[in-house]
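Structure record follows, encoded as structure tokens.
The values are calculated or read from the model by the stated rules, or taken from the named source; none is laboratory data. As the structure is a prediction and not an experimental result, all values here were calculated from the model. Here Cβ is always computed from backbone atoms with ideal geometry, including for glycine, and neighbour counts include all displayed protein chains. Ligands, DNA and RNA are stripped out before the accessible areas are found, and what is left, the full protein with its side chains, is counted by its heavy atoms. Shrake-Rupley method; radii C 1.70, N 1.55, O 1.52, S 1.80 Å.
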Amino acid sequence: MDESTLKRAERVYFEVSHLHANARRAALDAACAGDAALRAEVESLLQHSAGAREFLEEPALGTDFRLLTGVDAGPDTMAGRTIGSFRVDERLASGGMGTVYLASRADADFDQQVAIKIVKRGMDTEEIIRRFRAERRTLAALDHPNIARLIDGGVTPEGQPYLVMEYVPGMAIDDYCDSQSLDTHARLKLFKKVCDAVQYAHQNLVVHRDLKPGNILVTPAGVPKLLDFGIAKLLTESSPADMTMMEERRLTPEYASPEQIAGVGVTTSSDVYSLGVILYELLTGCRPYVLKSRTTAEMERVICEVEPPAPSTAVMRPQTRVGPGGKPETAATPEAVSSVREGSPQRLRRRLRGDLDNIVMMALRKDPARRYASVEQFASDIHRYLCDLPVIARAETPAYVLGKFIKRHAWGTAAFSVAVGLLIAGLVFIRAQRDEAYAARDQAERIADFMQQVLGAADSGDTRAMGTSASIPDVLAAAAARAQVDLAESPRVLAAVRSVLGRAYLGLGMYDKAEEHIRAGLTLREDILPRGHHDIAESKLDLAHLHYARGELKEAEGLLRESLAVHQHQRGEKNQDTARVWNDLGAVLRAAGKIDEAEVACRTALEIRRAIADSRDTIEIAESLNNLAGVQRQKGNTAAAIVSLEESARIRKKLLPHDHPLVVQSIANLAILKAGAGDLAGGIELMREALPMEARSLGLEHPDYARSLSSYGVMLMRIGRLDQAEEPIREALRIRRLRLEPGDPGLLAGVDAMARVLIKLHRDAEAEPLLREALELAPRGTERAQTYRASITAELKALYARTGETAKAERLAGEGAAPAADERNAVPPSDGNP
């Protein structure tokens, strides 16, 4: 036979070798087109290759049954026989070296259906049995809810090894997702469970090596089950013998990694790649590659060298499959694919574009070192995507990190106003409810254009000098520098941008930078706008927030009252802007110890917001309830405070994601209230829930996180867990020293808490300088402040009495009378209050 015929025979062989018997005959008819010599050669190859196929390459049960059903394997004498404790009911599937049967429990103890996998007679060679036993050992070591369980195993009287497996009735994961018309999020959640199962196997030193949709069944209850570790490679048993010729590699080419195709070492990274192919198919309805001839050369070229299209690109193309003779046939249109996913091709493309493209393509990278380091990391990125968090599959350009920050905190308070400010056209200072006189459409568009240009420049590489680890502050600094140049001729727009940047820095706890931009925006507005203009009032409100964050309450109150007068004059009492200022004024008055005035302000804000909402729950109402709870607690009405705070938390949980910063704030505040009411155990439990969420949303060096950390430490101290209390209090103080000014009440609270835990630990030498620092930082004037100073003085006198330093104690005589007994363990007002 000539060389060209041999090449044609090889091509046709690979085209038809994987098909069912009936499909194979039809494919041979089409491919050989009456060429008897070609047909004879292909049939000869098929006949001789039948014995070389691996039984352990077939699934333990279920998944490829649909491929094997209909194979004419001749009479079967196993039906009705008893194997171990099970009676064989029917044959489910046959492969080159074995058969899978459905069986039932033979005794009457209980009903149980299983799948039994038996090696065929004549195929029980030493090598096959070795691999069979390896599968048995592999499966026996795995116990996971998403992995099909090994029940039993043994050898038949005829000497044929068998495995008894959990029978999983269900559908292959791709078919299941399509039959249920699952959207992208639902598919990702299901796929993540599969990742968890594979990661569990990896932790037990098992690489599956043949992951594909056919090896993942989903039960009617929606539980995925991973099947067939028959060709798994135990990492502790790796051998060069496992990597031989292509025909001997036990894999499915369409889902195999480049290193499997090339015959090099296989690691857990190979399973990461296969999972990437599966996810690609679940999201797009097609595989990343189309193998036409399935020859060794083609597989190596395509899988090892060709870059697949991104998922968002693939779903917009007609999808094809290869028919007999290598002829492409249209299988599905973009409309058909999207109809069982997101409804329309455009919507599906938007859903996939960006993070999901990057996640899938990172898993499919040719170089194993550039893929996800583990399946766990892959699954974590999917979890991050589902939670609107930054994913590692993309270089974290400044614009990208900022965009994710914005999306997570779209409903934030002043601490997160950057979330609204940098993406909503018109930015924060232009509100949807504001009169058209303030909307200034041209100004809004100019600001939006500017911010888009800044973010676009970051993505296109203009900020390359920052490096791939550039942070949100890097982007803000770049935006500030660019604004000075690009907006120099538009002072009103420049003022608005400087205000937005100031709020962004304030949200990050970077107070010096915040002041620089907020004051610049205010100065520009006062220069170009008439007195009493709305935008000037907004800048004063921003500056008030800054003063409040720094503990400069007198300055904050004055600016808020000026802003309130403007809003009342221009908009009246019943509007969101006026309510917002009343709400903020209440917080400042409470912090200043003006409790009765604070309650009036908080209730006024709440009344306005409820009237505007017209019986609907809103985030603004929740904010007012949260602030009112702080006032009620400070007035000693803890029961009422808990009611208000629980109502605030209910609304936030209803309207916001479970890990949103405002939800976390409610949990933390409720923890403090419960602890203050005597339920320290309940407070500690809630604070433990809140702290990791707050760390993720704010960052590990944010003053608000430090406040919660310190409150948690104080609670532990109050129940006597001093060894556990010291570390969170110490870390909170470190953060506060880093981020707060010397006169800030938060810093005072941190110093005080650290001193008191050291005293309880009998470390007076370390506590003494901290108590002196607290006394220097402590405010004067109000009755509450004087009570606090007296408490610190009493602690110092007691310390000096213990250490015998009477002279130092006498010098403290003028600091004031001793506090009442219940004030001796008081902490500054800013720590531990909602």
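Across segment 690-703, a minimum of one residue is classified as farther than 20 Å from Asp388 by Cβ, part of a helix (DSSP H, G or I) and more than 21 Å from the chain's Cα centre (by Cα).
Among the residues making up segment 645-681, those that are open to solvent by 10 Å² or more (accessible area, probe 1.4 Å) and outside any helix (DSSP H, G or I) are Leu656, Pro657, His658, Asp659, Ala677, Gly678, Asp679. For segment 704-717, indicate whether the set of residues that are open to solvent by less than 10 Å² (accessible area, probe 1.4 Å), at pLDDT 90 or above, over 20 Å from Leu673 (Cα atoms) and in a helix (DSSP H, G or I) is non-empty. Within segment 704-717 (the criterion being open to solvent by less than 10 Å² (accessible area, probe 1.4 Å), at pLDDT 90 or above, over 20 Å from Leu673 (Cα atoms) and in a helix (DSSP H, G or I)), the answer is no, since none of the residues qualifies. The numbered conditions (1) part of a loop (DSSP other than H, G, I, E, B); (2) modelled with pLDDT under 70 are all true for Leu6 except (1). Hey, does segment 292-312 have a residue that's modelled with pLDDT under 80 and within 27 Å of the chain's Cα centre (by Cα)? No, because not a single residue in segment 292-312 is modelled with pLDDT under 80 and within 27 Å of the chain's Cα centre (by Cα). The residues of segment 477-520 that are in contact with a Ser or Thr (Cβ under 6 Å, 6 or more places away or on another chain) and more than 24 Å from Asp744 (Cβ to Cβ) amount to a single one, Ala478. Beta carbons closer than 8 Å, at least 6 apart along the sequence or on distinct chains, pair a first residue in segment 527-544 that is open to solvent by 30 Å² or more (accessible area, probe 1.4 Å) with a second that is of a type in the set (D, E, K, R) for Ile528/Arg492; His533/Arg525; Lys540/Glu562.
Per the listing Arg350, Arg321, Arg317, the residue uniquely at pLDDT 85 or above and either closer than 26 Å to Leu389 by Cβ or out of contact with any Phe, Trp or Tyr (no Cβ under 9 Å at 6 or more places or on another chain) (or both) is Arg350. Any residue at all in segment 240-247 that is modelled with pLDDT of 85 or more and open to solvent by less than 30 Å² (accessible area, probe 1.4 Å)? No, segment 240-247 has no match at all. Could you list, in sequence order, all residues of segment 553-593 that are surrounded by fewer than 19 Cβ atoms within 10 Å (Cβ to Cβ) and farther than 16 Å from Arg609 by Cβ? Scanning segment 553-593 gives Lys554, Glu555, Gly558, Arg561, Glu562, Ala565, His569, Gln570, Gly593.
The set of residues in segment 703-758 that are farther than 15 Å from Leu680 by Cβ, free of Cβ contacts under 8 Å to residues at least 40 places away in the same chain and of a type in the set (A, V, I, L, M) comprises Leu709, Ile729, Ala732, Leu733, Ile735, Leu738, Leu747, Val751, Met754, Leu758. Just one of the listed residues (Ile619, Ile684) is β-branched (Val, Ile, Thr) and either open to solvent by 10 Å² or more (accessible area, probe 1.4 Å) or farther than 22 Å from Ser711 by Cβ (or both), and it is Ile619. Could you tell me whether segment 733-746 includes any residue that is modelled with pLDDT under 90, open to solvent by less than 20 Å² (accessible area, probe 1.4 Å) and among the acidic types (Asp, Glu)? Yes, that holds for at least one residue. Entry remark, segment 333-360: residues being assigned to a helix (DSSP H, G or I), touching a residue at least 60 places away in the same chain (Cβ under 8 Å), open to solvent by 10 Å² or more (accessible area, probe 1.4 Å) and among the aliphatic types (A, V, I, L, M) number 0 in total. When only residues in segment 149-177 that are aromatic (Phe, Trp, Tyr) and at pLDDT 85 or above count, which is nearest to Gly285 (Cα to Cα)? Among them, the one singled out is Tyr176.
Taking segment 807-834 as the range and being basic (Lys, Arg) and modelled with pLDDT of 50 or more as the test, the residues that pass are Lys808, Arg811. Mind checking whether some residue in segment 787-806 is out of contact with any Pro (no Cβ under 7 Å at 6 or more places or on another chain), at pLDDT below 90, among the β-branched types (Val, Ile, Thr) and open to solvent by 70 Å² or more (accessible area, probe 1.4 Å)? Yes, segment 787-806 has at least one match. The residues of segment 499-526 that are over 26 Å from Arg696 (Cα atoms), among the basic types (Lys, Arg) and crowded, with 23+ Cβ neighbours inside 10 Å amount to a single one, Arg525.
Under the condition of being of a type outside the set (Lys, Arg) and buried (at least 17 other Cβ atoms within 10 Å of the Cβ), which residue from segment 598-616 is farthest from His547 (Cα to Cα)? The selected residue is Ile608. Checked against (1) within 17 Å of Arg707 (Cβ to Cβ); (2) free of Cβ contacts under 8 Å to residues at least 12 places away in the same chain; (3) not acidic (Asp, Glu), Ala774 passes all but a single condition, namely (2).
Look through Gly230, Gly276, Gly265 and report the one residue that is modelled with pLDDT under 80 and under 22 Å from Gln377 (Cα atoms).
Answer to the selection: Gly265.
Looking only at segment 627-642, residues that are in contact (Cβ under 8 Å) with a residue 60 or more places away in the chain, open to solvent by 10 Å² or more (accessible area, probe 1.4 Å) and not charged (D, E, K, R) come to 1 in all.
Any idea which residue in segment 31-44 is nearest to Thr5 (Cα to Cα), counting only those that are open to solvent by 60 Å² or more (accessible area, probe 1.4 Å) and small (Gly, Ala, Ser)? Here the residue is Ala36.
Within segment 193-207, is even one residue modelled with pLDDT of 90 or more, closer than 17 Å to Tyr280 by Cβ and among the basic types (Lys, Arg)? Within segment 193-207, not a single residue is modelled with pLDDT of 90 or more, closer than 17 Å to Tyr280 by Cβ and among the basic types (Lys, Arg).
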